[in-house]
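S.K.: Structure below; questions to follow.
The values are calculated or read from the model by the stated rules, or taken from the named source; none is laboratory data. Just so it is clear, the model here is predicted, and its values are computed rather than measured. With ideal geometry, Cβ positions are generated from the backbone for all residues, glycine too; neighbour counts draw on all protein chains shown.
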C-alpha cells in the first residue's frame with residue numbers, strides 16, 4: 001500500500017510530459033516573439049514608416065499568456081488529471097506542439113482585440129489608454145492611417161496599452177468577458 005507521499009508524486013511519464021509542454025510553450029512563445037520583433041525591425045529599417053504600437057501590445061499579450069501558462073503549470077499539484085490525457089500528449093508530438101502553442105496565440109489575439117476595443121473607444125475609463133490621430137492632420141479615415149497615425153495620446157497611454165496587452169494575455173477570460181459585457185450592454 002502506497003503512503004500519502006507517494007500518491008502525490010507525479011509519475012515519470014507525467015514529468016516527461018510536463019517538461020515537453022514547458023519546452024514547446026517556450027518555443028511557441030519565442031517564435032511569436034521573434035516574429036513580432038523582426039516585423040518591428042523590418043518596419044523601422046527604412047525610417048520612413050512610423051511604427052505602430054500594436055505589435056508591441058501583441059507581444060505583451062504573448063508574454064502575458066506565457067507567464068500565465070507557466071504559472072498554471074507550476075502551481076498545479078497534479079500535472080494531468082487523467083491518465084488518458086497524459087497518454088494522448090505523450091504519444092503525439094503534433095498535439096503537444098498545438099497544445100503548447102495555444103496560450104501565446106490566445107494572448108496575441110486577445111491583446112490585438114483589446115487594443116482595437118480601446119482605440120474604438122467602445123469602452124472608456126481613466127484606466128484605459130486614450131487615442132488621438134497624429135501625423136494625418138486629425139483625419140484618420142482609413143485602415144492605413146489607423147495603423148500608423150491613430151495611437152495612444154501620450155506616454156502614459158502607451159504604457160497603459162502595453163500593460164493591458166499583457167493583462168489580456170495573462171487573464172485568458174478577460175477579453176471574452178469584456179466582449180460579452182459590451183454585447184450585453186448594447187442590447
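S.K.: Given the criteria on the phi > 0 side of the Ramachandran plot and either at pLDDT 70 or above or touching a helix residue (DSSP H, G or I) at 6+ places or on another chain (Cβ under 6 Å) (or both), does residue 134 qualify?
M.R.: On the way: on the phi > 0 side of the Ramachandran plot: no; either at pLDDT 70 or above or touching a helix residue (DSSP H, G or I) at 6+ places or on another chain (Cβ under 6 Å) (or both): yes.
Answer is no for this residue.
Residue by residue, here is whether (1) under 19 Å from residue 104 (Cα atoms); (2) part of a helix (DSSP H, G or I) holds:
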position: 163; (1), (2): yes, yes
position: 166; (1), (2): yes, yes
position: 169; (1), (2): yes, yes
position: 172; (1), (2): yes, no
position: 180; (1), (2): no, yes
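S.K.: So which of 14, 48 ends up being surrounded by 14 or more Cβ atoms within 10 Å (Cβ to Cβ) and modelled with pLDDT under 75?
M.R.: Testing whether each residue is surrounded by 14 or more Cβ atoms within 10 Å (Cβ to Cβ) and modelled with pLDDT under 75 leaves just 14.
S.K.: On to the next question. Considering only residues that are touching a residue at least 60 places away in the same chain (Cβ under 8 Å) and farther than 13 Å from residue 115 by Cβ, look in region 144-173 and name the one that is surrounded by the fewest Cβ atoms within 10 Å (Cβ to Cβ).
M.R.: Restricting attention to region 144-173, the residues satisfying the condition of being touching a residue at least 60 places away in the same chain (Cβ under 8 Å) are 147-149, 151-152, 158, 161-172.
From what's left, farther than 13 Å from residue 115 by Cβ: 148-149, 170-172.
On the way: 148: 17, 149: 19, 170: 21, 171: 15, 172: 19.
Looking at the filtered set, the residue picked out is 171.
S.K.: Let me ask something additional. Among the listed residues 96, 114, 88, which satisfies the condition of being touching a helix residue (DSSP H, G or I) at 6+ places or on another chain (Cβ under 7 Å), at pLDDT 70 or above and within 18 Å of residue 12 (Cα to Cα)?
M.R.: Working: 114 fails: within 18 Å of residue 12 (Cα to Cα); 88 fails: at pLDDT 70 or above.
It is 96.
S.K.: Take the conditions closer than 30 Å to residue 155 by Cα, modelled with pLDDT of 70 or more and in a helix (DSSP H, G or I) and apply them to residue 22. Does it pass?
M.R.: Working: closer than 30 Å to residue 155 by Cα: no; modelled with pLDDT of 70 or more: yes; in a helix (DSSP H, G or I): yes.
For residue 22, the condition - closer than 30 Å to residue 155 by Cα, modelled with pLDDT of 70 or more and in a helix (DSSP H, G or I) - is not met.
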